[in-house]
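Novice: Below is the structure I would like to discuss, written out as structure tokens.
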Amino acid sequence: MPIQHDPADVGADARFSDTSVPRRGLYDYIIAGGGTAGCVLASRLTEDPTISVLLLERGSVHNTFTMRCPLLSSSYAQGKHPSVRWNSTPLTAANGRVLEILTGTVLGGASRFNSMLYTRGSPAQYDEWRRQGRVGWSYADLEPYFIKSENAVSTSGYYHGTEGPWSNRHFDKFLFKPNVATSAVKAAKDLGISYTDDVNAPEGPCVSCAKIPVTLASDGKRLSTFDAFLPPLITTQRRRVAICTDTLVTKIDFDVGGVQPVASGVFFKPYESTPKQRPFYARDQSHQGFARRWPQFDHVGTTITYRVSDTLHALESSLTRALTEFLNYLIRGRGLFTNPSVQVSIFAKSDNLGDDAEPGVEETNRETFPDIEIMPIPHECTYVTSQKSQGFFSFICVPLQPKSSGTVELFSHDPYANPKVDLGFFTREGDIEVVRKLDEQLDAFIGQNVRTTYHYASSCRMAQEHDTVPGVVDDELRVHGVSRLRIADASIFPDIVATHLQAPVVMVAEKCADMLKKTWSATN
Ligand SMILES: Cc1cc2nc3c(=O)[nH]c(=O)nc-3n(C[C@H](O)[C@H](O)[C@H](O)COP(=O)(O)OP(=O)(O)OC[C@H]3O[C@@H](n4cnc5c(N)ncnc54)[C@H](O)[C@@H]3O)c2cc1C
């Protein structure tokens with residue numbers, strides 16, 4: 001039976017700006033959160049002409065020039081931006097500092113402002129999930145879903161898609177002088193790490209310095225999952241998809257009479273784009289004692305910064321350069337406004353990086369996957385450097401397989417309240433050593449320069465319910481102990497994927513849509 005939406009639950013002054021008002025009656029599927037995964041799911045499910053979908057997103061559409069321009073949309077640290085930010089709990093590993101937590105509040109979620117890097121991760125990681133018992137989650141099982149969404153413009157091979165809606169391409173050339181990218185390629189080569197044009201080739205070296213494709217349209221516009229999977233053509237032609245923005249899902253309704261609770265609908269309210277600031281960590285007295293805590297993972301970054309002349313800072317320091325680049329973007333869709341911040345990246349085994357290492361020794365071993373990524377970035381990426389008036393170049397060093405986990409804790413029934421997040425960086429032995437391989441004296445430096453890379457993951461991990469770290473969803477993404485409720489986003493990864501997350505998130509949404517459509521056609 002389809003999930004029921006009860007119109008009586010709509011707040012009296014609910015606004016459905018930019019979108020259709022939900023039709024009264026039943027929807028076959030309700031998707032809570034129109035983020036990176038949510039847009040893919042809505043699009044794929046409504047390919048079936050018998051399925052109707054209600055997509056509820058707390059943020060707005062924000063289909064503006066700024067949000068389509070890659071560089072401007074990714075400037076989330078400044079000014080007004082469709083995101084919610086709050087502080088983590090103080091981090092021991094960062095000398096008691098708090099770090100900023102950031103999530104999107106916009107249709108398309110983080111794919112509307114992220115750095116657009118498209119990386120799938122090593123096949124060995126997914127094969128490890130299968131080895132741990134996750135049926136249907138080996139790389140061979142998942143490759144078709146990567147292919148399905150993809151339109152690979154700059155790379156080719158049987159493992160790439162060319163007919164999917166989501167394009168990725170390399171930047172035309174390496175930018176900046178002295179060239180950040182070519183210097184990184186040379187430095188990696190000196191360490192015995194080879195260069196590859198295709199970071200997503202499953203048979204490629206697992207340790208490599210790789211050119212990184214980005215999810216960018218041919219005209220230089222950002223290609224979020226909202227742009228790629230829900231273009232106007234689809235949303236106007238498919239009357240069966242109702243997209244309601246500015247709408248916060250506040251509660252899931254359950255029928256509790258049967259063997260196990262059945263998710264039957266959702267409650268929702270209007271969401272203010274600029275939510276009221278709520279006090280942090282101040283427990284709501286009326287809910288004293290309420291707490292739901294889940295482990296969660298993130299990729300911690302440590303930044304090393306160098307002062308150089310030609311970086312993205314050129315746009316701030318030279319009006320002429322800024323105007324030239326802006327015109328280049330407007331006319332040709334090229335140049336610095338396309339956000340060429342990461343053009344290559346180094347994926348390595350930390351064992352190969354210390355003074356006593358044997359360069360490249362693990363390079364051909366397909367059973368292993370990299371445990372550190374070193375991203376050369378043409379701007380300043382720490383929270384601590386004060387000399388903003390100069391150009392900087394940073395290496396962000398990221399342990400890719402962290403053992404340390406943090407927690408995300410709901411401490412109030414208020415659906416507008418942000419959860420309490422402990423990032424838990426460097427709390428388990430073995431993680432800081434991966435970064436420290438560069439120099440054994442670096443602990444204090446790491447503490448000062450630690451940052452999040454916004455890769456929040458695995459808080460609803462796919463695993464058995466009573467696993468050592470308890471699972472929330474099964475191999476079909478169904479929530480344990482509940483009927484008709486699935487989760488499909490970055491939270492379900494059994495372990496944080498040892499790469500950037502958006503391509504794996506889209507793969508999860510593609511697979512979830514496929515599983516739902518199969519169930520639908522078997523029961524209708
Ligand atoms: C700044 C930044 C840069 C990044 N750069 C990259 C990169 O270059 N490459 C890469 O691969 N990955 C990158 N990532 C990570 C990647 O973008 C995310 O992991 C991925 O997009 C998460 O997808 P998701 O669907 O799980 O969540 P999201 O995309 O965050 O979507 C969740 C959606 O749910 C909505 N929502 C939440 N609660 C409610 C509610 N109660 N009711 C209604 N709606 C709700 C939110 O508004 C949001 O739109 C970056 C992330 C950030 C934040």
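FYI, it's all coordinate maths here, none of it is from the lab. These figures come from a predicted structure and were not determined experimentally. Ideal geometry is used to build each Cβ from the backbone, glycine not excepted, and the neighbour counts take in all protein chains shown.
Novice: Hey, how much of the P(r) for region 22-138 falls beyond 22 Å, as a percent of Cα pairs?
Specialist: Cα-Cα pairs of region 22-138 separated by over 22 Å account for 57 percent.
Novice: Working only with C-alpha atoms, what are the Rg and Dmax values of region 104-169, expressed in angstrom?
Specialist: So, for region 104-169, Rg and Dmax equal 13.8, 37 Å respectively.
Novice: Over the chain, what is the relative contact order in whole percent, taking alpha-carbon pairs under 8 Å and six or more residues apart?
Specialist: Here the relative contact order equals 21 percent.
Novice: OK, next. Determine by what factor the alpha-carbon radius of gyration of region 367-524 differs from 2.2 N^0.38 Å, reporting the quotient.
Specialist: 1.28
Novice: While we're here: Could you give the C-alpha radius of gyration of the chain expressed as a fraction of 2.2 N^0.38 Å, taking N as the number of residues it contains?
Specialist: 0.96
Novice: Please give every one of the lysines within straight-line cross-link reach of residue 189, meaning a C-alpha to C-alpha distance under 17 Å, and leave out same-chain neighbours fewer than 8 residues apart.
Specialist: Qualifying lysines at Cα under 17 Å: 211, 349.
Novice: For each of 115, 194, count neighbouring Cβ atoms within 10 Å of the residue's Cβ, then give the residues from fewest to most.
Specialist: 194, 115
Novice: By what distance, in whole Å, do the Cα atoms of region 143-239 stretch along each of the three principal axes, largest value first?
Specialist: Largest to smallest, the principal-axis extents are 57, 32, 15 Å.
Novice: Still on this structure, please answer the following. Give me the lysines in straight-line cross-link reach of residue 517: C-alpha distance below 28 Å, same-chain residues under 8 apart excluded.
Specialist: 148, 251
Novice: In addition: Take every DSSP beta bridge whose two residues both sit in the chain, then give the antiparallel share in percent to the nearest 5.
Specialist: In the chain, approximately 75 percent of DSSP beta bridges are antiparallel ones.
Novice: Can you give the direction-averaged projected area of the convex hull of the alpha-carbon atoms in region 215-266, in nm²?
Specialist: 6.1 nm²
Novice: Would you mind ranking 393, 226, 254 by Cβ crowding within 10 Å, fewest neighbours first?
Specialist: Exposure proxy ranking, most exposed first: 254, 393, 226.
Novice: So which DSSP H runs in the chain come out at 30 Å plus along the axis (Cα) with average Kyte-Doolittle of at least -0.5?
Specialist: Helices meeting the span and hydropathy rule in the chain are 502-523.
Novice: Can you find, among 161, 184, 146, the residue sitting farthest towards the positive end of the charge dipole of region 144-193, where Lys and Arg contribute +1 and Asp and Glu -1 at Cβ?
Specialist: 184
Novice: Taking a quarter of the surface of the convex hull around the Cα atoms of region 76-217, what do you get in nm²?
Specialist: Averaged projected area of region 76-217's Cα convex hull equals 12.6 nm².
Novice: Counting only helical runs of four or more DSSP H residues, what would the 222 nm mean residue ellipticity of the chain come to if each run contributes -39,500 (n - 2.57) and the total is spread over all its residues?
Specialist: Only helices count here, giving -6000 deg cm²/dmol.
Novice: By counting other Cβ atoms within 10 Å of each Cβ, how are 429, 57, 272 ranked from fewest to most?
Specialist: Ranking 429, 57, 272 by Cβ neighbours within 10 Å, fewest first, gives 429, 272, 57.
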